[in-house]
Amino acid sequence: MAAFASAANMRVIDPLLIQLSVEFGVTVGQASIAATLFLFANGVFVLVHGPFGDRYGKMPVVAIACLAAALCCAVSALATSLAMLATARFLTGVTSSAIIPLAIAWLGDNVPYDKRQATLARFLTGQTLGLMTGAAMGGALGDWLGWRMVFWVLAAIYVVAGAALFAVMRARPDLARPGARAEGSMVAQMLGVLKRRWALTVIVVVALEGGVFWGAFTFVGADLHQRFGLGFAAVGLAVAAFGGGGFLYVTVAPHLVRLLGERGLVLWGGCGLGLAFAILALAPDVSVAFAAIVVCGITFYMLHNTLQTHGTQMAPEVRGSALALFALCLFVGQAVGVPIAAPVVDRWGAVPIFWFAAIFLPALALYFAAALKERRFSH
């Protein structure tokens, strides 16, 4: 539930921009500062939460972050000016950014490695559902009950999740205890992670994966509208099919992990992404593009879930800090990939970007699969 609220918050304000511009008497572009500040805080402040989780316990920090994010959502709902809303959204990003990386780090601490990938896939259901329904929830609730109600609903979800986590910790205090404290400052811990060859490999791969995948996939909706004349509601439904593909992966993840192993998941995931983007580039009609988007959802999580699993094992003694670094690099990859792709899309359309992703992502998967094989033999 906490991951759902955290992920939904990333996209929930997008359909509300017109309402906000009318409410506060500003342009839509000016209103978008409320979205931009949330995303900035969500990407940067994760570096602070990782060491906090290692020092004071990951579950307590996540539970407190849920309640703090609920308070910030309530302030958003009560905002009387754009400046007040933007500040509340910034603080929501600061608090909410602790949830997903520290939850994944907690799973790394408490779930044996052989069961971790399947467990992480189950955890992804909340995150995927949040990303999938965030914009839809914002649009529907905003139209029906007004934009303020969107933030009240998110606040309620955070409160329920935080209360449930405190109830779990009261029943099982052992689950809330921090691990052995690592030596050194936050910066020293981060540098220590980066000095490990395998950790650096995982971090670079996830940054490249995030940059190339999201740099291409971000423009799928615009491409469907421009090439096939799809209406905006239909575009939203088509892009949401990515989340549907993610759910299909989650459903069969334990079987796929057992059948293919980690290297198989990486190879099939990367090659599947290459095929999906090639189909998107060549799609003769909307139904073919829709099928390719579903394949994107399945195969992206085959690759990304394996990277997440290794992210939990990069530095077990400072797992929170390591996952914070992992999350930051994924965010930076996305933040860099989209603006690099944008001028190409403006001039030639999205198809060249799709072809680049179709070639690059399988090559990246081949590299990471080879690195996994080398690591296995070196151990």
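Quick look at the values:
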{"item": "L328 aliphatic (A, V, I, L, M), out of contact with any His (no Cβ under 9 Å at 6 or more places or on another chain) and either farther than 15 Å from L208 by Cα or open to solvent by 50 Å² or more (accessible area, probe 1.4 Å) (or both)", "result": "no"}
{"item": "Residue check, V12 of a type in the set (V, I, T), surrounded by fewer than 22 Cβ atoms within 10 Å (Cβ to Cβ) and either touching a Cys at 6+ places or on another chain (Cβ under 9 Å) or in contact (Cβ under 8 Å) with a residue 24 or more places away in the chain (or both)", "result": "no"}
{"item": "Residue satisfying condition, being of a type in the set (G, A, S) and crowded, with 24+ Cβ neighbours inside 10 Å, within set A276, A281", "result": "A276"}
{"item": "Residue among V62, V75 that alone is part of a helix (DSSP H, G or I), of a type in the set (V, I, T), farther than 19 Å from A3 by Cβ and at pLDDT 90 or above", "result": "V75"}
{"item": "Matching entry among F40, F24 (being open to solvent by 30 Å² or more (accessible area, probe 1.4 Å), over 16 Å from G138 (Cβ atoms) and modelled with pLDDT under 85)", "result": "F40"}
{"item": "Hey, G236 over 17 Å from A357 (Cβ atoms) and at pLDDT 85 or above or not", "result": "no"}
{"item": "In the range 111-129, the residues that are farther than 16 Å from A3 by Cα, part of a helix (DSSP H, G or I) and open to solvent by 30 Å² or more (accessible area, probe 1.4 Å)", "result": "Y113, D114, K115"}
{"item": "Selected residue (only one of T27, T36 is farther than 16 Å from Q334 by Cβ and free of Cβ contacts under 8 Å to residues at least 12 places away in the same chain)", "result": "T27"}
{"item": "Residue ID - modelled with the highest pLDDT, chosen from residues in the range 302-318 that are over 19 Å from G211 (Cβ atoms) and part of a helix (DSSP H, G or I)", "result": "T309"}
{"item": "Selected residue [more than 23 Å from the chain's Cα centre (by Cα), modelled with pLDDT of 85 or more and either hydroxyl-bearing (S, T, Y) or farther than 30 Å from D54 by Cα (or both)] from S287, S378", "result": "S287"}
{"item": "Enumeration of residues in the range 77-110 that are among the hydroxyl-bearing types (S, T, Y) and buried (at least 21 other Cβ atoms within 10 Å of the Cβ)", "result": "T92, T95, S96, S97"}
{"item": "Among the candidates V318, V351, residue that is over 19 Å from the mean Cα position of the chain (by Cα) and under 30 Å from D54 (Cβ atoms)", "result": "V318"}
{"item": "Condition met for A335 (touching a Pro at 6+ places or on another chain (Cβ under 9 Å) and modelled with pLDDT under 85)", "result": "no"}
{"item": "Residue in the range 331-366 that is farthest from A105 (Cα to Cα), counting only those that are crowded, with 16+ Cβ neighbours inside 10 Å and aromatic (F, W, Y)", "result": "W355"}
{"item": "Those residues of the range 285-296 which are under 22 Å from V205 (Cα atoms) and either acidic (D, E) or surrounded by fewer than 23 Cβ atoms within 10 Å (Cβ to Cβ) (or both), in sequence order", "result": "V295"}
{"item": "Given (1) farther than 14 Å from L366 by Cα; (2) open to solvent by 10 Å² or more (accessible area, probe 1.4 Å), index of the condition E262 fails", "result": "(1)"}
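The values are calculated or read from the model by the stated rules, or taken from the named source; none is laboratory data. Nothing here was measured: the structure is a model prediction, and the numbers come from that model. In this analysis, Cβ positions are derived from the backbone assuming ideal geometry, glycine residues included, and neighbour counts consider all displayed protein chains. These area figures cover heavy atoms from the full protein model, side chains too; ligands, DNA and RNA do not enter into them. Shrake-Rupley method; radii C 1.70, N 1.55, O 1.52, S 1.80 Å.
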